[in-house]
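Single-structure report; data block below.
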Amino acid sequence: MGQTMREQFYQLVEARKSIRKFKKDEVPHEVIERILGAALHAPSGKNRQNWKFFVVQGKKRDDYLKYSQKSWLGIKDLLQARLKPSLYEFTERFFFTLGDAPVLIFAYSNNSPDERYHTSIGSVYMAVQNINLACVAEGLGCCTMGAPLEIKKEVDEFLGVTELEEYKKGELELLCGVVLGYPDHEPPKAKRQTEGRITWLK
Ligand SMILES: Cc1cc2nc3c(=O)[nH]c(=O)nc-3n(C[C@H](O)[C@H](O)[C@H](O)COP(=O)(O)O)c2cc1C
């Protein structure tokens, strides 16, 4: 890897941050396809590539807002205790509008019995990280969201996942949502913690 490519890689990784306010501009279909293409390049346990993505746009995306609002109910008390009031209000508005993000991606794992549970879900989160980084490369912003897990079953039904054979066998599990679009704010970079995170052994 040449100097420039290495520098660009670390710049891209460091530029990534969660975006929660978006322009209403549509994201071209080919851009979404490229981002999902990056997801498919992630490593996976036994190379099972056990991810499944559901891309939600247009009216279906608007219909999801009421689910997002419902997911807020499950976490708002916890956040009220942790966040300062202005950030709490911003977060509440984000859950009610999804920051106007035009695209939602829901990531599922196929947890078949021939692989360990944590290896299955870990593989999917690696693909989700590729989505996060591809967004930066495309000039897009995104926010990975665990909030849909508060209302997992309802999201499964909303997306039609409950009709799939893998779901009926109990093998498909929602892991997160990702909201994405063109950024309409520039939040400060969240401080990185280093203490106690890395142990070197020789
Ligand atoms: C698995 C996962 C779940 C998350 N769930 C939410 C969420 O439900 N709502 C939200 O606003 N942000 C969510 N985030 C974003 C984190 O809050 C964010 O990554 C963290 O604060 C660090 O900020 P940064 O992404 O800007 O570096 C989630 C991130 C991850 C990786």
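The values are calculated or read from the model by the stated rules, or taken from the named source; none is laboratory data. Every value quoted in this text rests on a predicted model; they were computed, and no experiment measured them. Reconstructed Cβ throughout: ideal geometry from the backbone, glycine too, with neighbour counts over all protein chains shown.
Of the residues contained in segment 108-127, none is found to be in contact (Cβ under 8 Å) with a residue 60 or more places away in the chain, of a type in the set (F, W, Y) and closer than 28 Å to Q11 by Cβ.
Residues in segment 127-147 that are of a type in the set (S, T, N, Q) and either touching a helix residue (DSSP H, G or I) at 6+ places or on another chain (Cβ under 8 Å) or more than 16 Å from the ligand (Cβ to nearest atom) (or both): N130, T144. Given the criteria surrounded by 14 or more Cβ atoms within 10 Å (Cβ to Cβ) and not in a helix (DSSP H, G or I), does F90 qualify? So F90 fails the test.
For E150, the requirement of being touching a Ser or Thr at 6+ places or on another chain (Cβ under 8 Å), of a type in the set (D, E), within 14 Å of the ligand (Cβ to nearest atom) and closer than 18 Å to Q49 by Cβ is not met. Candidates E157, E138: the one that is surrounded by fewer than 16 Cβ atoms within 10 Å (Cβ to Cβ) and more than 15 Å from the chain's Cα centre (by Cα) is E157. Of all residues being in a helix (DSSP H, G or I) and more than 12 Å from the ligand (Cβ to nearest atom) in segment 98-118, which is nearest to H29 (Cα to Cα)? Just the residue, please. The residue in question is D100. Figure legend. Inter-residue proximity from segment 176-189: first residues over 11 Å from S18 (Cα atoms), second residues assigned to a strand (DSSP E or B) and away from the ligand (no atom under 11 Å from the Cβ), beta-carbon distance below 8 Å, spacing 6+ or different chains. Indicated pairs: C176/F106; G177/L104; G177/I105; G177/F106; G181/F22; G181/V103; Y182/F22; D184/F22.
Note on segment 160-202: residues that are surrounded by fewer than 10 Cβ atoms within 10 Å (Cβ to Cβ), at pLDDT 95 or above and hydroxyl-bearing (S, T, Y) amount to 1. The residues of segment 83-119 that are under 21 Å from L180 (Cα atoms) and among the charged types (D, E, K, R), listed by number, are E89, E92, R93, D100. I'd like to verify a number: residues in segment 11-53 that are surrounded by 13 or more Cβ atoms within 10 Å (Cβ to Cβ), within 16 Å of the ligand (Cβ to nearest atom) and polar (S, T, N, Q), how many? Qualifying residue count for the region: 1. In the set L65, L104, only one residue is in contact with a Lys or Arg (Cβ under 6 Å, 6 or more places away or on another chain) and closer than 19 Å to D156 by Cβ; that residue is L104. Return the total of residues in segment 141-154 being surrounded by 18 or more Cβ atoms within 10 Å (Cβ to Cβ) and touching a residue at least 60 places away in the same chain (Cβ under 8 Å). Of the residues in that region, 7 qualify. Does segment 109-127 hold any residues that are within 11 Å of the chain's Cα centre (by Cα) and surrounded by 22 or more Cβ atoms within 10 Å (Cβ to Cβ), and which are they? Answer for segment 109-127, where residues must be within 11 Å of the chain's Cα centre (by Cα) and surrounded by 22 or more Cβ atoms within 10 Å (Cβ to Cβ): V124, A127. Looking at K70, K52, K76, just one residue is in a strand (DSSP E or B) and of a type in the set (K, R), and that residue is K52. A single entry from V155, V124, V161 fulfils the requirement of being within 12 Å of the ligand (Cβ to nearest atom) and of a type in the set (V, I, T): V124.
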